[in-house]
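Enquirer: Before I ask anything, here is the structure I am working with.
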Amino acid sequence: MTGEHGRWRRLRTNRDWLGFWFMLPAAAFLLLFLVYPLGLGIWLSFTDARIGSPGNWIGLENYEWIIGDAKFQTAVFFTLLYTLVASAFKFAIGLYLALLLNQAMPFKAIIRAVVLIPFIVPTVLSAIAFWWIFDPQFSVISWSLKKLGWIQGNINFLGDAWNARWSVIFANVWRGVPFIAISLLAGLQTLPPSLYEAATLDGATRWQMFRYVTYPLLTPIIAVVMTFSVLFTFTDFQLIKVLTNGGPAGSTELMATMSYNTAILGSRIGEGSAVSTAMVPFLLAAIMFSWFGLQRRKWQHGESND
Amino acid sequence: MAGVTLRQVRKSFGSTEVVHGVDVAIADGEFCVLVGPSGCGKSTLLRMIAGLENISAGEIRIGDRIVNQVHPKERDIAMVFQNYALYPHMTVAANMGFSLALRGETKALIAARVRTAAEILGLAPYLERYPRQLSGGQRQRVAMGRAIVRNPQVFLFDEPLSNLDAKLRVAMRTEIKELHQRLKTTTVYVTHDQIEAMTMADKIVVMHDGLVEQIGAPLELYDRPANRFVAGFIGSPAMNFLPARVNGGCISLSSGVDISLPIKAKLEANREVILGIRPEHLEIAADGFAAEVVVIEPTGSETQLFARVGGQEIVAVFRERHEFAPGQHVRLRPRADCAHFFDPSSGQRI
Ligand SMILES: Nc1ncnc2c1ncn2[C@@H]1O[C@H](COP(=O)(O)OP(=O)(O)O)[C@@H](O)[C@H]1O
Ligand SMILES: [Mg+2]
């Protein structure tokens, strides 16, 4: 009885155990909300589960099936295209905007607030707005171009495979730019102005200042921001779901939407899980890539910069 | 190399003018120190010479050329910043060679110039390090190296030693002075520390509230300060100022104490004056005026005495050692040839 009591007290007060107790809530959270769903998803991908039936273990059958499936191949292709093209544009435009917003200019605060708008508006809402912009009949873009006399008939934005692909990429870029612009702007504002004064006296042109001072000093933050951006884009769902729902004919299907459509709407939970599990290696690769890119550069090591 | 000439230079930020018409002529090869309390416009003036701030009015010449409209990089000047402004992502060598690389010089030439500068500054072992891996003093040297490598017409320094600890500051002071003697490049050096100014300068420009108070060689400023501001700013501990009245053959302090001093012809009788005496020019003497000891601070090499003369605090410094006790009365006498007189209203030297 006393031994039991003593052990309990030790568990309560011992430093190592104390650490464990402090970790417990966070660990429970992680287990419950991250590890369990992920594990369940992976498990389901090895079964023939359907809605209403728990399913049996069928090994790699789901994977064999989706790999041979042209729809899956298209989804993988488009997910990669979507991620690469949209991220590249978001980076270029975001960096350009950040540099622009970092200049002294009138109405700076207002312009900065305006830039944030696409980020603030709920994705579904902006997707609906784009849906109108890309409407086959009432598209404001078609209307303007017609008024300018550049085109004769309406553009079929979302009805043609490649038009639809570029349109959703455009919408994704529009939505993703503010995050990158504002993050990079925050990074730019940490750079000491005296570095630019020194560079001016050293004879650097504006381009050289960007190339040899701004860009290298910004790389750590670019790596972080772009990692997030790539992950968000790769796993995008809402925009496609609302704008095209993967159509026409699956040409804008992303792996995320395909997984949902297969598992929930098509009720083939096993296959859908296999599709979403197939995203994991891509995401891991992206994370590994940025992990090495994110490693502290040599000039960041060492004691503090007082 | 070239001299620098400022003629009626003014600077306004918006509607506030912070530099009100400054005239300074710095000769070729001269070491000129701009000194003054914080906020008096020294950095602004230096940055106008560098071209980092535009000139609101007046004219700046480097050599024979008016540079008002000349881009900073065309002015052929190099600047050392207070926070050094080293590029954190470049090695010491790259930092020092950056300006040459931008000019498109060959790798071999850059390496040679960087090596020479590094040897002068004792930086040779650190060329491949990053600024973060250096001590404050080493970073300071890299900043100077970056300036030297370019072999400019004029060096500009903006409080380069104020981030260093006291001991290193003294050492770097000597080093910068030596460097100047070796390179003989015209130098404009900004500091708020009058000791730095006194020890390093060929010529000191004392500034106050955007105006030049006095220009001269260090000892000139010390011996003949043009006004009360310069008198109080140069010298440490600061000069004592005592309101007084010329009273026949002697000076009566407003507190009623009479001090016998040979009166210069220019002082008419009964005139109100401010008597200025440096602490080191007071001596203990039987015929001096009476003062009550308040605090005494022996530093080893000298003894500082804080005393009260009829209600007013004064400071005296003695090279020899004295045993005083607080409350004790001593008799102090100003050295006759070392008294300064200032007009009470204008503060100008009489
Ligand atoms: N960019 C600026 N905008 C407005 N006021 C400034 C600016 N730079 C300096 N000042 C003002 O000019 C005065 C002189 O500043 P400065 O030259 O930096 O003084 P210091 O002698 O300490 O170097 C100060 O009152 C400062 O507030
Ligand atoms: Mg300053």
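Enquirer: Looking at (1) in contact with a helix residue (DSSP H, G or I) (Cβ under 7 Å, 6 or more places away or on another chain); (2) without any contact (Cβ under 8 Å) to a residue 60 or more places away in the chain, which one does A:Gly55 not meet, given that it meets all the others?
Expert: (2)
Enquirer: List every residue pair whose Cβ atoms lie under 8 Å apart, where the two residues are 6 or more positions apart in sequence or sit on different chains, the first residue falls within the range B:78-105 and is acidic (Asp, Glu), and the second residue, located anywhere, is at pLDDT 95 or above and open to solvent by less than 30 Å² (accessible area, probe 1.4 Å).
Expert: none
Enquirer: Still on this structure: Can you name the residue in the range B:95-135 that is surrounded by 18 or more Cβ atoms within 10 Å (Cβ to Cβ) and not in a helix (DSSP H, G or I) and, of all such residues, is nearest to the other protein chains (Cβ to nearest Cβ)?
Expert: Residue satisfying both the conditions and the ranking: B:Tyr130.
Enquirer: Note down all Cβ pairs under 7 Å where the first residue falls in the range B:38-55 and is under 11 Å from B:Val18 (Cβ atoms) and touching a residue at least 24 places away in the same chain (Cβ under 8 Å), the second is within 10 Å of ligand 1 (Cβ to nearest atom) and in a loop (DSSP other than H, G, I, E, B), and they're at least six residues apart or on different chains.
Expert: That search, which allows pairs on different chains as well, returns B:Cys40/B:Asp209; B:Cys40/B:Gly210; B:Gly41/B:Gly210; B:Lys42/B:Gly36; B:Thr44/B:Glu53.
Enquirer: Every residue in the range B:214-236 that is free of Cβ contacts under 8 Å to residues at least 24 places away in the same chain and either under 25 Å from B:Ala78 (Cβ atoms) or within 14 Å of ligand 1 (Cβ to nearest atom) (or both), please.
Expert: Passing the criteria: only B:Pro218.
Enquirer: Another one. If we scan the range B:226-245, do we find a residue that is more than 22 Å from B:Val9 (Cβ to Cβ), in contact with an Asp or Glu (Cβ under 7 Å, 6 or more places away or on another chain), assigned to a strand (DSSP E or B) and outside the structural domain of B:Leu45 (by TED's automatic domain parsing)?
Expert: yes
Enquirer: Restricting the search to the range B:269-281, which residues are open to solvent by 10 Å² or more (accessible area, probe 1.4 Å) and part of a strand (DSSP E or B)?
Expert: B:Glu272, B:Ile274
Enquirer: Those residues that are of a type in the set (Asp, Glu) and either buried (at least 17 other Cβ atoms within 10 Å of the Cβ) or not in a strand (DSSP E or B) (or both), I need them from the range B:304-327; list them, please.
Expert: B:Glu320, B:Glu323
Enquirer: Quick check: is even one residue across the range B:11-18 closer than 25 Å to B:Glu196 by Cα and open to solvent by 40 Å² or more (accessible area, probe 1.4 Å)?
Expert: Yes - at least one qualifying residue is present in the range B:11-18.
Enquirer: Another one. How many residues, within the range B:255-268, are exposed (fewer than 14 other Cβ atoms within 10 Å of the Cβ) and free of Cβ contacts under 8 Å to residues at least 40 places away in the same chain?
Expert: 2
Enquirer: Report, by residue number, each residue of the range B:53-81 that is within 14 Å of another protein chain (Cβ to nearest Cβ) and out of contact with any Asp or Glu (no Cβ under 9 Å at 6 or more places or on another chain).
Expert: Result: B:Glu53, B:Asn54, B:Val70, B:His71, B:Glu74, B:Arg75, B:Asp76, B:Ile77.
Enquirer: Can I ask one more? Check every one of the helices (runs of 4 or more DSSP H) wholly within the range A:10-87 and list those with 1 or more residues that are in contact with a Gly (Cβ under 7 Å, 6 or more places away or on another chain) and more than 30 Å from A:Trp174 (Cβ to Cβ).
Expert: Answer list for the range A:10-87: A:36-45, A:61-68.
Enquirer: Can you pull out the residues in the range B:136-190 that are more than 16 Å from ligand 1 (Cβ to nearest atom), over 24 Å from B:Ile110 (Cα atoms) and within 14 Å of chain A (Cβ to nearest Cβ)?
Expert: Selection gives B:Gly136, B:Leu164, B:Asp165, B:Leu168.
Enquirer: Could you tell me whether B:His89 is facing chain A (nearest Cβ under 9 Å) and surrounded by fewer than 16 Cβ atoms within 10 Å (Cβ to Cβ)?
Expert: Taking the combined requirement at face value, the residue does not satisfy it.
Enquirer: Being open to solvent by 30 Å² or more (accessible area, probe 1.4 Å) and more than 18 Å from A:Ala88 (Cβ to Cβ) is the filter; apply it to the range A:211-248 and report the residue that is farthest from the other protein chains (Cβ to nearest Cβ).
Expert: A:Pro248
Residue-by-condition table, conditions (1) assigned by TED's automatic domain parsing to the domain that holds B:Thr16; (2) in contact with a Ser or Thr (Cβ under 9 Å, 6 or more places away or on another chain); (3) open to solvent by 10 Å² or more (accessible area, probe 1.4 Å):
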| position | (1), (2), (3) |
| --- | --- |
| B:Phe155 | yes, yes, yes |
| B:Glu178 | yes, no, yes |
| B:Val190 | yes, yes, no |
| B:Met207 | yes, no, no |
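A quick yes/no check of all residues on (1) under 15 Å from A:Thr257 (Cα atoms); (2) in the same structural domain as A:Trp166 (by TED's automatic domain parsing); (3) over 20 Å from the mean Cα position of the chain (by Cα):
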residue: A:Gly68; (1), (2), (3): no, yes, yes
residue: A:Val76; (1), (2), (3): yes, yes, no
residue: A:Leu80; (1), (2), (3): yes, yes, no
residue: A:Leu84; (1), (2), (3): no, yes, no
residue: A:Phe89; (1), (2), (3): no, yes, no
residue: A:Ile93; (1), (2), (3): no, yes, no
residue: A:Leu99; (1), (2), (3): no, yes, yes
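The values are calculated or read from the model by the stated rules, or taken from the named source; none is laboratory data. Note that the coordinates shown come from a computational prediction; the quantities given were computed from them, not determined experimentally. Every residue, glycine as well, gets a Cβ built from its backbone with ideal geometry; the counts of neighbours run over all protein chains shown. These accessible areas exclude ligands, DNA and RNA; they are computed on the full protein's heavy atoms, side chains included. Shrake-Rupley method; radii C 1.70, N 1.55, O 1.52, S 1.80 Å.
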